[in-house]
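The values are calculated or read from the model by the stated rules, or taken from the named source; none is laboratory data. Owing to the predicted nature of the structure, the values given are computational and were not obtained by experimental measurement. Methodologically, a virtual Cβ is constructed for each residue, glycine included, from the backbone with ideal geometry; neighbour enumeration extends over all protein chains shown. Each accessible area value is taken on the protein alone, full model and side chains, heavy atoms only, with ligands, DNA and RNA left out. Shrake-Rupley method; radii C 1.70, N 1.55, O 1.52, S 1.80 Å.
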Amino acid sequence: MSVDFNEFSRRMDKTLEVLGENFGSVRAGRANAKVLDRISVEYYGQETPLNGVATISSPDARTLVIQPWDAKLLKDIQKAIQASDLGINPQNDGRVIRLVFPQLTEERRKDLTKQVRKYSEEAKVAMRNIRRDGMDYIKKLKKNSEITEDDQKKAEKDLQDLLDKYIKKVDDVLAAKEKELMAI
């Protein structure tokens with residue numbers, strides 16, 4: 001009997017997806033509306049994502065313009081951006097908020113590289129935890145005599161191979177992001 005790893009594979013895919021979202025929020029010189037995905041403002045008593053209360057546009061490669069649908073939100077949006085880890089000071093002209101992304105300095109690039117390495121390490125830890133859950137599942141099957149010892153050894157090896165495959169994907173995504181960040 002072979003052990004079904006679909007659930008563990010699906011969870012690892014989800015971890016990769018989250019890593020991609022985290023990497024998307026790290027800006028690499030160009031203005032990208034994704035960097036604002038984590039920012040939310042209070043709107044009618046609810047925490048609402050920025051893109052749910054404003055139009056976000058990019059008139060050029062290094063500028064984002066945020067135009068709230070309700071002008072009363074300008075100050076709240078400005079405060080939320082200042083409180084975030086973006087490191088950009090919003091410019092409020094009374095109608096829209098402009099975010100001008102400066103060219104990245106070498107030091108800032110290195111900081112961003114450390115940040116993406118931290119995200120990838122968190123993803124690897126999450127995947128190792130998924131593997132641990134899988135190992136527990138395999139041991140439980142063996143304990144309940146649903147699989148033989150040979151099946152257990154094969155399943156543990158297959159699970160480790162699955163983890164290795166996903167860790168390699170994380171490393172590949174990390175290498176691509178680091179290359180993007182260090183490109184001038």
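A compact table of results
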quantity	calculated
SER120 accessible area, 1.4 Å probe, all protein chains in place, Å² to nearest 10	0 Å²
Crossing angle, helix 106-143 versus the chain [Cα axis fit, 0-90 degrees, rounded to tens]	30 degrees
Cβ-based charge dipole, the chain, positive-most Cα from GLY87, GLY20, GLN160	GLY87
Unit charges on C-beta of K, R, D, E only; dipole of segment 1-104, Debye	400 debye
Radius of gyration and Dmax over the Cα atoms of segment 85-184, both given in Å	22.0, 71
Estimated vicinal HN-Hα couplings, Hz - segment 162-174 in sequence order (Karplus 6.51, -1.76, 1.60; Gly, Pro = x)	4, 4, 4, 4, 6, 4, 5, 4, 4, 4, 5, 5, 4
Surface accessible to a 1.4 Å probe, MET182 within the full protein complex, Å²	80 Å²
Accessible area in square angstrom per residue, segment 2-68, 1.4 angstrom probe	54 Å²
Largest-first ordering by accessible area, 1.4 Å probe, given options VAL173, VAL3	VAL173, VAL3
Degrees between helix 6-24 axis and first principal axis of the chain (Cα, 0 to 90, nearest 10)	20 degrees
Student exercise, the chain dipole from Lys, Arg, Asp, Glu Cβ charges, in Debye to nearest 20	400 debye
Solvent-accessible area, 1.4 Å probe, carbon plus sulfur percent, for segment 1-100	46 percent
Value at 222 nm in deg cm²/dmol, rounded to 500, when DSSP H runs of n ≥ 4 in the chain each add -39,500 (n - 2.57)	-19500 deg cm²/dmol
Where only alpha carbons of the chain are counted, the Rg and the Dmax (Å)	22.0, 71
Distant-in-sequence amide H partners of VAL41 (H built 1.01 Å from N, under 5 Å)	THR48, LEU50
Under 5 Å, built H, 5+ apart or other chain: amide partners of ARG62	ALA31
Segment 89-184, relative contact order [Cα under 8 Å, separation at least 6], %	34 percent
